[in-house]
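Engineer: Mind looking over this structure? Questions follow.
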Amino acid sequence: MSASERIRAVVGYQTYAEITALTRLLEGSRVEIVEAAQTAQKLFNACAPEGAGGQDPDIALINPAMEGYSHALISDLLLRPEAPVVVIGYVAVEDVQSLAPGMLDAGAKYFFSIAKPPAATELTTRIERAIAAVQKDYEEGRLRPKAQPVMARAGAVHQQVITAWVPKGGGSTRTTICVNLAAALAATGNPVVLVDFDQPKGDAHLMLGFTPDGDLPVTRGMILVERGLYDLMVNVRARWGNDGKRAVTAHLLNNYLVRWEAGRKHGVGDNLRLLPGLTAAHQAGTDAFADADMVHEAGLAIIDELKSMYTFVIVDIGQDYNMPLHAAALQTATEVLVPIPPTNTAVVDVARGLAALRQYFGSLEKFRWLPTAWREGVESPSLRKVTDTVKLPRLDVVIPHDVAVADAAVNSGVPFSLFDGGPLGEAIRDLARNYDASVPRIQGAKKGLLQSLFGFLVREA
Ligand SMILES: Nc1ncnc2c1ncn2[C@@H]1O[C@H](COP(=O)(O)OP(=O)(O)O)[C@@H](O)[C@H]1O
Ligand SMILES: [Mg+2]
C-alpha cells in the first residue's frame, strides 16, 4: 500500500455517537470509514468484499461493547480467507485498562479511547504500522491464531484430540458421541473443532442442522454446507507437490471450517467449529483421495494445525482403521473412545478388531471402552465381562439407550447434550466431565423449544 492510498476502515460500534467522534478524529487522514455495523455478525459480513463496496477493508475499528463481540472475532478477521483485516480496539469511555489487555492479547494491534483520544497523526501512524506489520506476517506465513487461553477451572483442562472408534459400520453411535461431546465442551466455554474424517462419507454436519442439499422437502430451512473436507483435500493436493505438509496452514483451514451459528441460541456461543465431511460417497473415490500416503500425511497435518487453534479437536471417523484419515485420527488422538452396545456380536467384533489394531499401533494405552446405547433386560453381557473380553479399561460412564432423545436431536439439528436433562444428556455430560470437570449439570432440564418438540414426538409415537 503506498503512502497516498486510502485506508478502508469498517467500524463495529455500540452507539452512533462513536461514529461521529471517529469521523471527526480521522478527518483529513488517509483513513476512511467505509462501513459501520452494530453487531459482530454484521461487522464480519461487512468485511466480505461485496459487503465493503466490492473492496477489502484494511482495518476494523471495534468497540468490544458492541453486540455479539467476543475475542474470537479478532482472529476471525485476521485469518479471513481473502486477506487479513487488522483489528484496532477502542472504547467510548476514558478507561482503557479494563478492556485493552484482553483485546490486545487476542490479536488487536492497538487500542485507544475516543473520550481521551490520541493525536490524529499518532492514530494514523499506529494504524499504518499495524497494517504493515500484519501484511508482513501474512506474506511470510507467520499469521496464525493465538491458541486461546483456557480459563483456569476446578480441574485442569488439557488440550485433547479425541476420536471414537469401533470396527463396525453405521449405527455404532460414534458420530453421536463425537458431536454431543464437542457441543458439551464448547458450551462450557472451550474452543472446540469437530472434524468429520469419516472417509466413506460424513454425517456429523447433519447432526448440527447442516445439509449439502437444500432442495429436498425434509432439508428445507436447514443450513447449506457449501464446502468442507472434500474441497480442502482438493486444495491441499494441488499444493502438495510444492509445499508438502506445509500446504496445510491455519489460513487454508479457515476457508473450510464452518461456524455453528445456531450454537449461539443454545449456549455454545462462538465456541464450536465444524470441518464438514464428505457429503457424497463418490467423493472418496476421486483424485483428491487417490494418493493414500498423501491423504494420510495431510490428515496428520490438518489435526496438528487444528491443535494450535483449538483446545479440543474431536475427530469423527468410520470403522476401517486402515483408511488414511481414520489412521491419522487414531494416531494423533490423545484418547480413543470405543463405544460398545450391549450385544455379544459387537463385543466380539471389537475384541477381534482390537487385536489387529494392537499390531498396527503397538500399544492401545489411549483406548478406553464405554457402554453405549446400553440397556438392561436384553440379556446384556455384564460390564465386567466386556472389559475382560476387550481388554481395555472402561470409562466410568454408561450411555443409555434412548432412541427418542437421540432421534429428536438428529431431527432438530441440535445435540442432545445441550438440552436433554434426562439420563442420555446427563451421561454425555458425564463423559465430557472427564475432559473438563466444570461441564455443568442440567438440573430439571431446560424447557425450551426442543423440550416441547421432544414432548410432541413422544406423544405422536
Ligand atoms: N444412546 C443411544 N440410544 C439409542 N440410539 C442412539 C443412541 N446414540 C445414537 N443413536 C442412534 O443410532 C444411530 C447411529 O448413530 P451414529 O452416531 O450415526 O453411529 P455411527 O457414527 O457409529 O455410524 C442414529 O440414528 C442415532 O440417533
Ligand atoms: Mg458416523
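Engineer: List C47, C178 from most exposed to least, where exposure is judged by having the fewest other Cβ atoms within 10 Å.
Structural biologist: Taking fewest neighbouring Cβ atoms as first place, the list is C47, C178.
Engineer: Determine, from the Cβ-Cβ distance of T345 and R246 and an R0 of 51 Å, the FRET efficiency 1/(1 + (r/R0)^6), rounded to the nearest 0.05. Mind dumping the intermediate values first?
Structural biologist: Values: r = 45 Å, r/R0 = 0.88.
Rounded to the nearest 0.05, the efficiency is 0.70.
Engineer: While we're looking at this one, here's another question. Mind giving me the FRET efficiency for E67 and K366? R0 is 60 Å, r the Cβ-Cβ distance, nearest 0.05 is fine.
Structural biologist: Rounded to the nearest 0.05, the efficiency is 0.90.
Engineer: OK, next. Using a Förster distance of 25 angstrom, determine the FRET efficiency expected from the C-beta separation of A356 and K385, and round it to 0.05.
Structural biologist: 0.70
Engineer: Express as a percent, rounded to the nearest 5, the fraction of DSSP beta bridges in the chain (both residues included) that run antiparallel.
Structural biologist: Of those bridges, close to 5 percent are antiparallel.
Engineer: Could you state the number of Å between the C-alpha centres of segment 1-47 and segment 269-286?
Structural biologist: One Cα centre to the other: 36 Å.
Engineer: In addition: So, in Å, what gap is there between the alpha-carbon centers of segment 291-314 and segment 107-140?
Structural biologist: Computed from Cα coordinates, the inter-centre distance equals 34 Å.
Engineer: Follow-up question, since we're still on this one. Which three extents, in angstrom, do the Cα atoms of segment 203-327 have along their principal axes, listed largest first?
Structural biologist: Principal axes ranked by extent give 41, 32, 26 Å for the Cα atoms.
Engineer: Oh, and also: If one takes the longest principal axis of the Cα atoms in the chain, at what angle in degrees, from 0 to 90 and to the nearest 10, does the Cα axis of helix 174-187 lie?
Structural biologist: Tilt of helix 174-187: around 40 degrees.
Engineer: Something else: Only residues of segment 58-81 count here: report those whose backbone N is under 14 Å from the spot 7 Å along Cα→Cβ of Q135, or say none.
Structural biologist: Inside the label zone: 58-59.
Engineer: Ranking I131, I428 by Cβ neighbours within 10 Å, fewest first, what do you get?
Structural biologist: By the 10 Å Cβ count, ascending, the order reads I131, I428.
Engineer: Then there is this: For E82, put the label point 7 Å out on the Cα→Cβ axis and report which residues of segment 232-271 keep their amide N under 19 Å from it.
Structural biologist: Once the point is set 7 Å along Cα→Cβ of E82, 251-259 turn out to lie under 19 Å by backbone N, inside segment 232-271.
Engineer: A 23 angstrom limit on the alpha carbon distance is what I want to check against. Which of K265/K307; K168/K391; K42/K109; K245/K307; K307/K391; K168/K366 exceed it? Present the calculation step by step, with values, prior to reporting the outcome.
Structural biologist: Details: K265/K307 26 Å; K168/K391 18 Å; K42/K109 21 Å; K245/K307 15 Å; K307/K391 30 Å; K168/K366 20 Å.
Pairs exceeding 23 Å: K265/K307; K307/K391.
Engineer: Right, next: Can you put E18, E140 in order, fewest other beta carbons within 10 Å first?
Structural biologist: E140, E18
Engineer: I'd like the orientation of helix 17-26 relative to the chain: the angle between its Cα long axis and the longest Cα principal axis, in ° from 0 to 90, rounded to 10.
Structural biologist: Helix 17-26 and the main axis of the chain meet at about 60 degrees.
Engineer: Please list, in chain and number order, the residues 5+ apart from L275 or on another chain whose amide H is under 5 Å from its amide H, with Hs placed from the backbone.
Structural biologist: For L275, whose amide H was placed from the backbone, the distant partners under 5 Å are L194, V195, D196, V258.
Engineer: What's the Kirkwood radius of segment 160-460 in Å, using all Cα pairs?
Structural biologist: 19.6
Engineer: Still on this structure: So for segment 241-399, what are the equivalent ellipsoid semi-axes in whole Å, largest first, each being the square root of 5 times an eigenvalue of the Cα gyration tensor?
Structural biologist: 32, 21, 15
Engineer: Taking the Cα-to-Cβ direction at T20 and at T334 and moving 7 Å from each Cα, how far apart do the two end points lie in nm?
Structural biologist: 5.2
Engineer: Please compute the modelled spin-label separation between D56 and S29, points set 7 Å along Cα→Cβ, answer in nm with one decimal.
Structural biologist: Placing both labels 7 Å beyond Cα along the Cβ direction yields 2.2 nm.
Engineer: Where does segment 7-139 land on Rg/Rh, using Cα atoms and the Kirkwood Rh?
Structural biologist: Reported Rg/Rh (Cα atoms, Kirkwood Rh): 0.92.
Computed from the coordinates by the stated procedures, all read-outs in this text should not be read as laboratory data. This one's a predicted model, so the numbers in the text were calculated from it and none came from an experiment. Cβ atoms come from the backbone with ideal geometry, glycine included; neighbour counts cover every protein chain shown.
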